[in-house]
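This report concerns only the one structure given below.
The values are calculated or read from the model by the stated rules, or taken from the named source; none is laboratory data. The model shown is predicted, which means the values in this text are computed figures rather than measured ones. Using ideal geometry, Cβ is built from the backbone for each residue, glycine included, and neighbour counts are taken over all protein chains shown. Note: accessible area is taken over every heavy atom of the protein model, side chains too, but ligands, DNA and RNA are not part of it. Shrake-Rupley method; radii C 1.70, N 1.55, O 1.52, S 1.80 Å.
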Amino acid sequence: MTSSNYTVTVLGLGAMGLPMATRLASELTVHGFDIAEPRLELAAAAGIKTFASAREASQDADALLLAVRNGEQLDDVLFGENGVATVLKPGAVVILGSTVGTEAIPATVAKLAEYGVSLVDAPLSGGPKRAGEGDLLIVVGAEPEALEKARPALELLASTLTIVGDKPGDGQALKTVNQLLCGVHIAAAAEALALADALGLDQAKTLAALEAGAAGSFMLSNRGPRILEAYDEEGAEVLSRLDIFVKDMGIVGKATRAAGLAAPVAAAAEQLYLLGQAQGLAAADDSAVIKVVAPAKRTA
């Protein structure tokens, strides 16, 4: 199948969905839907064909790219009252780009099979900027035939495409491990920069020094500047909501308990995100977790 007649439907044109759809539209036919009219207008301006409903957008698609919040939302989008599974053509693939954990996968695979549709478990990470540049990390669990059908979309979006295994759920498993590290690294970066402030150090200079040494990490460099903006009147730009890590660290905790594995560092990080949510920071950027550690910036 050539790229000119390969159609991808992207449902949800938010912070990640729109740059992904725009990237895909550079070489493929892209259909899109979002409940917010301004997002549809932005998508149309980017060369994406927009529709009035998710079901309309999903008809005739070779691949359906989903970015949903959790397993319940996944089930609703596909099989709910206005679910799109019934309009997908046999042979299509659903590419699940979200972190929902492994539990929801078997039932989703079984239900989609009734329509002749396969699930490609492909949780992704990298943020909006990297999504628009095709620079995402995507880890995939999928049957080989389904993976090949999804490749035109996956290869446009990913700079690192890691095939974890040949069954859906394998991607979720690896992404769970990934999120354990990401969640801990963000929390640790926030604690470190809060300590720098408490010791009277210039936080920006501290961040630059840390990045250059053994303590550096992707999350320190990516979230560090936003952590320093957390105390501004409007806070940092929201590129990844704090409550996403409430969800993801919950998935991590469930997985470690099911495996009988102690994970005290991950558990401590999860508590910081939960405290942030309880303090009204759920919709703030996850860098705002520093305000849990240090509610006010040092002034003296």
request  = Residues that are within 22 Å of the chain's Cα centre (by Cα), surrounded by fewer than 17 Cβ atoms within 10 Å (Cβ to Cβ) and not hydroxyl-bearing (Ser, Thr, Tyr): find the helices (runs of 4 or more DSSP H) completely inside region 241-300 holding 1 or more of those.
outcome  = 242-258, 264-276
task = May I ask you to verify whether GLY71 is open to solvent by less than 10 Å² (accessible area, probe 1.4 Å), under 20 Å from the mean Cα position of the chain (by Cα) and free of Cβ contacts under 8 Å to residues at least 60 places away in the same chain?
result = no
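Yes/no per residue for (1) modelled with pLDDT of 95 or more; (2) among the hydrophobic types (A, V, I, L, M, F, W, C); (3) farther than 30 Å from LYS254 by Cβ; (4) out of contact with any Ser or Thr (no Cβ under 6 Å at 6 or more places or on another chain):
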site: GLY17; (1), (2), (3), (4): no, no, no, yes
site: LEU24; (1), (2), (3), (4): yes, yes, yes, yes
site: GLU27; (1), (2), (3), (4): yes, no, yes, no
site: VAL30; (1), (2), (3), (4): yes, yes, yes, yes
site: LYS49; (1), (2), (3), (4): yes, no, yes, yes
site: ALA63; (1), (2), (3), (4): yes, yes, no, yes
site: ASN70; (1), (2), (3), (4): no, no, no, yes
message = Tell me the residue from SER125, SER118 that is over 25 Å from ARG241 (Cβ atoms) and either surrounded by fewer than 21 Cβ atoms within 10 Å (Cβ to Cβ) or touching a strand residue (DSSP E or B) at 6+ places or on another chain (Cβ under 8 Å) (or both), please.
response = SER118
note = When (1) polar (S, T, N, Q); (2) under 26 Å from PHE245 (Cβ atoms); (3) open to solvent by 70 Å² or more (accessible area, probe 1.4 Å) are applied to THR99, the one that fails is (3)
key: In region 141-181, residue surrounded by the fewest Cβ atoms within 10 Å (Cβ to Cβ) [restricted to those that are acidic (Asp, Glu) and farther than 28 Å from THR256 by Cα]   = GLU145
